[in-house]
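First up is the structure itself, then whatever we jot down about it.
The values are calculated or read from the model by the stated rules, or taken from the named source; none is laboratory data. These figures come from a predicted structure and were not determined experimentally. Because the Cβ atoms are built from the backbone with ideal geometry, glycine has one as well, and the counts that use them run over all protein chains shown.
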Amino acid sequence: MDVRRALYGGAALLGCGAVVLFAINQFTAGFVLLGLLAAPLIGFLCLAAPDAVLFVGILTNFSDLPHKFGNPIIYFLLLLALLRRFLMRRPLLRIDAVVLSWAAMALVTVLTIPRWNDVGKGIHGMQYAFALPLSLYVLFQDDFVSAAGCRRFFTVYVPFAGAWMIVQVIALNLVNTIVSEHHWVTYRYGFDLGWTRSNTLAAIAVLIAAMILPNPLIKRQRAVVRLLYYTIATMLVGIALVIVSRGAIISLVAGAGMFVAFRALLERRINIAKWATTAAIGVFVLGVVLQKSLLALIERFKDLKFDLSMLSRMYMIRDALLAIRRHPLIGVGPDQYRYNDFFLPQTDPHNLFLRYGVDIGGIAIIILLVLLAIPVVRNARLLRDDPQQGRALYALLMLPYLVALANSQMEATLPLYHYGMLFWTLYAIAIRFARNADQMGIVVSPATS
């Protein structure tokens, strides 16, 4: 009781001190005291519901807040997770193929330091190169984030983030009609939400839609909830069509095609009528509602040979290949190289493997291929050992995974802080579910599709 009274008294003093400081216009000191007052509550929330705090990090990345505000939240959660493991006398991390691969990536990245021209950009580039993916993977290695919290990522947080993006686009239309900025990056219907331009928005929209559509966890929800989530996914695909983003639409179509084809190979059967009917209905609905956008997208494909966007990408690819040829093993360092694309210098050649090859080196491409193959191999093993759970994991993982990989070959996606956080969280949870399939919380009957 005495300890509780002392805590209450200390909180009251801090609160009164903050009020006094605000009253005399000492705002910085006042916010410091408020931070001290809120620190215990924040710490408790991070320990009690880390998945909810992770959701805040995801949502802040989709809002017009300080750039990359979500990344420090991830690192803070990781620090708490490691401290918890230390106090509970558990291993700080489980050494496996993923950890070893990211450690190798970090080592190769460090070897590029002598070639850095800008130290600040190099340190910043380390986040996409290995720090953020490794942090998210280690964060999900044990029960610091519960199995229920992992499932909520798919059933609550991702759909909510998609709905939040839709609300922002609608609000932008209500306040001010979306007008082209006549800038090649944003294509014909370019606009800026503050945290991203329209083309990146389209890439994130189709990724979230891919996480929702075949999701077996969402299929277990009530009919009203399922309808709401599928409506969100449809609207997100519609946004990509309105933006007339070729890369996003191609990645969705290619990812869906590979998803169905690989599933047919695994099952050795496929209900062609079901998939064809679903695709036909989707195309018909979007075509009727967004006819002008669909026609504009077709026109963009017709103009592919003469399109400046396509030509600039080809030029950047050539530039990247020449850079890799100059430094085949060890690259020039994260965010150090500037690509020529006719318009302005770019830090990304719009191809994931080429970016790692130029920034980190040819060795990094091999490491990246190993990392990207691991979830597929784990899923294949689960399909062999437990076909029902393997099918569930396949439905949960593979469509967004394939969409993201397809998109990363055409656009700057995975190195982006908001897109990368979604993808690498999906990656970490998928491997955790592959390791312990019961944490998915679903039992699947033999597939009929």
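Quick test for you: out of Y427, Y419, pick the one residue that is at pLDDT 95 or above and not aliphatic (A, V, I, L, M). On inspection, the qualifying residue turns out to be Y427.
Scanning segment 199-241 for residues that are free of Cβ contacts under 8 Å to residues at least 60 places away in the same chain and either touching a Ser or Thr at 6+ places or on another chain (Cβ under 6 Å) or among the β-branched types (V, I, T) (or both) yields a count of 8. With respect to being within 30 Å of D438 (Cβ to Cβ) and crowded, with 16+ Cβ neighbours inside 10 Å, G162 fits the description. Can you tell me which residue in segment 377-416 is farthest from F353 (Cα to Cα), limited to those that are polar (S, T, N, Q) and part of a loop (DSSP other than H, G, I, E, B)? Checked segment 377-416; the qualifying residue farthest from F353 (Cα to Cα) is T413.
Every residue, every condition in (1) out of contact with any helix residue (DSSP H, G or I) (no Cβ under 9 Å at 6 or more places or on another chain); (2) closer than 27 Å to G57 by Cα; (3) free of Cβ contacts under 8 Å to residues at least 40 places away in the same chain; (4) in a helix (DSSP H, G or I), yes or no:
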site	(1), (2), (3), (4)
R94	no, yes, no, no
V99	no, yes, yes, yes
W102	no, yes, no, yes
A106	no, yes, yes, yes
Q127	no, yes, no, yes
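Taking the criterion of being among the charged types (D, E, K, R) and touching a residue at least 60 places away in the same chain (Cβ under 8 Å), the only residue of segment 73-92 that qualifies is R84. Of a type outside the set (G, A, S), within 22 Å of I58 (Cα to Cα) and out of contact with any Gly (no Cβ under 7 Å at 6 or more places or on another chain): is that true of V206 in this structure? Yes: the conditions hold for V206. When the residues of segment 249-261 are filtered to those that are in contact (Cβ under 8 Å) with a residue 40 or more places away in the chain and more than 13 Å from Y401 (Cα to Cα), the one that is surrounded by the fewest Cβ atoms within 10 Å (Cβ to Cβ) is I250. Residue count for segment 114-125, restricted to those that are in a helix (DSSP H, G or I) and surrounded by 13 or more Cβ atoms within 10 Å (Cβ to Cβ): 6.
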